[in-house]
Structures are given as C-alpha cells and as structure tokens.
Amino acid sequence: MQKDRTLLTDAHWQRLSPLLPGQAGTCGVTAKDTRLFVEAVLWRLRCGTPWRDLPERFGAWSTVSMRFGRWKKKGVWDKVLATLQDDTGLHELMVDSTIVRAHQHAAGARKKTARRPLAAAGAAFRPSCT
C-alpha cells in the first residue's frame, strides 16, 4: 500500500490491530488484509460517499460493506472507539458533524420564494366581480 494514500500510520495500526477480529492468532478465519479493510472504512467515512463509490484499490465494495456490517453487529466498532477515544493521535481520524459544522448560510443558495411586487400580489387575490 502506498504510504501517501493511507490514513493509518504504523503506530496507529499497532494500537488498533489487537482490538480487531480476523488477525493471525485470533479465533476464527484470518482475514486477507484487515488493515486495507480499515483503511477502506476510514476513506469512506472521511469522504462521505456511498459504498458503491469505494475505489477499486480497496477491493469489492460489497465485500467491504458486508464486513463492516458484520463488525457493527458484533460490536467491534464500539469496542474500538471506546478503547481509542482518549488517544489524541487518533482524533484527526474521528471527525464527524458534532465537531465540524457549516454556518447555515454557507451553501449560498438563493431563497426559494421570490418576493413579488405588492401590486402584482394584490391583483392575484382580487375576487372577480362578474
């Protein structure tokens, strides 16, 4: 894996890996590349894209999505976050909407309702005399 494209440093990975299933020496099947999977999940969360838009370098999006769901049901993500929430080195990886907020006018879109001149507005609601 290219170093410039990863979110996890080697130090982060050494701290995370013992908490994750699928590692050599743990009960169950040894996963092909757990670090790549975690990188894929972090990439998706950082970018906010759908699973289908996951780059090919991370493998099949459906496999990554399915594995993410299994880990979620098992409580793996809760355990990881509970263990690492006080680690200042990982705070840059865990940014969500409670930390980053845009001002309500940041989008810069025009209002959907345009103001009509007063005379035109009154003419539209005048009852007909015939």
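The values are calculated or read from the model by the stated rules, or taken from the named source; none is laboratory data. Predicted, not measured: the structure shown is a model, and the values here were computed from it. Counting neighbours? That spans all protein chains shown, and the Cβs are built from the backbone with ideal geometry, glycine included.
Quick notes
- Test: residue in region 15-23 that is outside any helix (DSSP H, G or I), surrounded by 13 or more Cβ atoms within 10 Å (Cβ to Cβ), within 15 Å of the chain's Cα centre (by Cα) and at pLDDT 85 or above: no
- Taking region 73-90 as the range and being modelled with pLDDT of 80 or more and assigned to a loop (DSSP other than H, G, I, E, B) as the test, only Gly75 passes.
- Restricting region 24-63 to residues that are hydroxyl-bearing (Ser, Thr, Tyr), modelled with pLDDT of 85 or more and more than 19 Å from Asp78 (Cβ to Cβ), the residue that is surrounded by the most Cβ atoms within 10 Å (Cβ to Cβ): Thr63
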